[in-house]
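Asker: Sending over a structure as C-alpha cells; questions will come in a sec.
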Amino acid sequence: MNPLVDRVRARLADAGGETGPAAVAAAVRAESGGVASDMDVLAALRALRQEFTGAGPLDPLLRDPATTDVLVTAPDAVWVDRGDGPRRAAVSFPDEAAVRRLAQRLALAAGRRLDDASPYVDGRLADSGVRLHAVLPPVAAAGTAISLRVLRPASHDLAALRRRGTFDATGETLLRAIVAGRLAVLVAGGTGSGKTTLLNALLGAVDPGERMITVEDAEELRPRHPHVVRLVARPPNIEGSGGVPLRELVRQALRMRPDRLVVGEVRGAEVGDLLSALNTGHDGGACTVHANSVREIPARMRALAGLGGMSPAALDGQLTAAVQVILHMRRRPGSGRVLDEIGVLHDDGGPQVTAAWTRSAGEGPGADRLRALLHERGAWVPCTPS
C-alpha cells in the first residue's frame, strides 16, 4: 500500500470527505510536503482518482462496448462477461478495504445505503446505466462481492439479428408475421440470453402508426419507432420513500391509450396486471421473463402471479387467454445468443406450449396452430418444409 495514498485518504476524511479533483490534488501536495518524488505523487494521484471517481479500476471494463457484466469476488478476482461467459480480468484491488470502499461509494451514487446495518444493496447508477448489486461481509463470507450489469439500450432490428445468426430467414418471416398479426408475445430465456435485444427488435417492426407504452424496471428498450412512451420504475430513496413500482406503472400505462403495452421484464405481482390488460382489448402486447425452457413458462408465471395473490387456476385462465406466442432465447457455445424456439401457448387441461419452429429442426408440430392464429389476424406466413 502506498503510504502517501493512506495519508491523503486520512486528510480527506478529516476535511469532511470532499473528493473533487481540486481537493484531492491539494491533499496530495500537502501530504507530499515536497519530499515525495514526482513518480510517487503521480502514482498517488492515479490511485486516488480511481478510488474517488466512476467505478475505479473497473471503469475500463465497463467502458468496453462488449461488456455485459463485471463481477468482483475478491481483491484479486475480477471477472468480466463479454457475451461468452465470465473471464478473469487483468484488474485487481490493493486489498479488501478498497473493494468495500468502492461498493459503498457506488451504493451512495445509487442513492442507497451499504454498511454493517444494511449489508447488501441493489440499485442503479443513473449516470452510467449500470445496475449495482453488492454484499458486505460477514454476509459475503469471502469478502465484499460486487456485481455490475451494464444496461445498454438494444439497437439491432430483425434483419440485423438474422445477419448475426440469431435466427434464419424462416425465423425472421415468422417473427414479422407475429408482429403484424398483433399476437401477444412472451420472450423467455436465461440471464444474458438476449431477451431484451429480441424484444427491442420486434418492437421496431411494429406499424409506425401504433402507439407503444413500455414499462421497465431499468431502461433498456429503445425501439426504432416514432411513437414510444417509456416509463421506468423508481426505487425508494435512501430514506425508503418515493419509490414507484413496476406494478403501478403498468396500471398508469393503461390510462395512456396504448396500442401496444410492453413490460420489459415481469418479476412479480405486475404479471397479473399485465395479463388483465392483454385480456381487455390490448392485444399485441409483449414482455420478457426468466425461464430456462418454454416448458417451464406456466410454472414460472404461476409463481410470479402468486406474489400478487393470484391463484394458479386464475393465472392459467388469464395466461392462455392473453398470450399466444412464446419466443425462447438461449446462449449456445460457439453460436452466441440465438432464438431457440417459437412456441404456441394453448389450453390443453392447463397451459401448454407446442413448438411451431425450432432452430434445430425447423417447423414443428405447432406450426399449423400458429398459421391458424395468424390467418385469423389477417397476417400471412408461407408454409415451410418440415
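The values are calculated or read from the model by the stated rules, or taken from the named source; none is laboratory data. Since we're looking at a predicted model, the values are computed, not measured. Because the Cβ atoms are built from the backbone with ideal geometry, glycine has one as well, and the counts that use them run over all protein chains shown.
Asker: Just give me the residues in region 57-71 being part of a loop (DSSP other than H, G, I, E, B) and either at pLDDT 90 or above or among the small types (Gly, Ala, Ser) (or both), in sequence order.
Answerer: Taking region 57-71 first, the residues part of a loop (DSSP other than H, G, I, E, B) are 64-68.
Selection gives 64, 66, 67.
Asker: Follow-up question, since we're still on this one. Give me the residue from region 72-94 that is touching a residue at least 40 places away in the same chain (Cβ under 8 Å) and assigned to a strand (DSSP E or B) and, out of that set, nearest to residue 242 (Cα to Cα).
Answerer: 72
Asker: Answer yes if at least one residue in region 169-182 is closer than 30 Å to residue 321 by Cα, at pLDDT 90 or above and in a loop (DSSP other than H, G, I, E, B), and no otherwise.
Answerer: Checked against the condition, which is being closer than 30 Å to residue 321 by Cα, at pLDDT 90 or above and in a loop (DSSP other than H, G, I, E, B), region 169-182 yields at least one hit.
Asker: Give the residues of region 315-352 that are assigned to a loop (DSSP other than H, G, I, E, B) and on the phi > 0 side of the Ramachandran plot, sorted by residue number.
Answerer: So in region 315-352, the residues assigned to a loop (DSSP other than H, G, I, E, B) come out as 323-324, 333-335, 348-350.
Residues satisfying the conditions are 334, 349, 350.
Asker: Conditions first: (1) surrounded by fewer than 22 Cβ atoms within 10 Å (Cβ to Cβ); (2) not in a helix (DSSP H, G or I). Residue 166 passes all but one, so which condition is the exception?
Answerer: The number of the failed condition is (1).
Asker: Of all residues in region 297-326 being closer than 29 Å to residue 211 by Cα and among the polar types (S, T, N, Q), which is surrounded by the most Cβ atoms within 10 Å (Cβ to Cβ)?
Answerer: 324
Asker: Among the residues of region 97-130, write down those that are touching a strand residue (DSSP E or B) at 6+ places or on another chain (Cβ under 8 Å), surrounded by fewer than 19 Cβ atoms within 10 Å (Cβ to Cβ) and of a type in the set (D, E, K, R).
Answerer: Residues satisfying the conditions are 113, 122.
Asker: Give just the number: which of (1) within 23 Å of the chain's Cα centre (by Cα); (2) over 21 Å from residue 210 (Cβ atoms) does residue 169 not satisfy?
Answerer: The single condition residue 169 does not satisfy is (1).
Asker: Next question. Residues that are among the small types (Gly, Ala, Ser) and buried (at least 22 other Cβ atoms within 10 Å of the Cβ): list the strands (runs of 3 or more DSSP E) wholly contained in region 190-296 that include at least 1 such residues.
Answerer: Those strands (runs of 3 or more DSSP E) span 286-290.
Asker: A further question follows. Do any residues in region 228-239 that are in contact (Cβ under 8 Å) with a residue 24 or more places away in the chain have Cβ atoms under 9 Å from those of residues that are exposed (fewer than 13 other Cβ atoms within 10 Å of the Cβ) and among the basic types (Lys, Arg), where the two are at least six apart or on different chains, and which pairs are they?
Answerer: none
Asker: Please specify each residue of region 95-113 satisfying the condition of being assigned to a loop (DSSP other than H, G, I, E, B) and modelled with pLDDT of 90 or more. If you could, list the steps in order and put the result at the bottom.
Answerer: Start the filter on region 95-113 by keeping residues that are assigned to a loop (DSSP other than H, G, I, E, B), which leaves 95, 110-113.
Residue satisfying the conditions is 95 alone.
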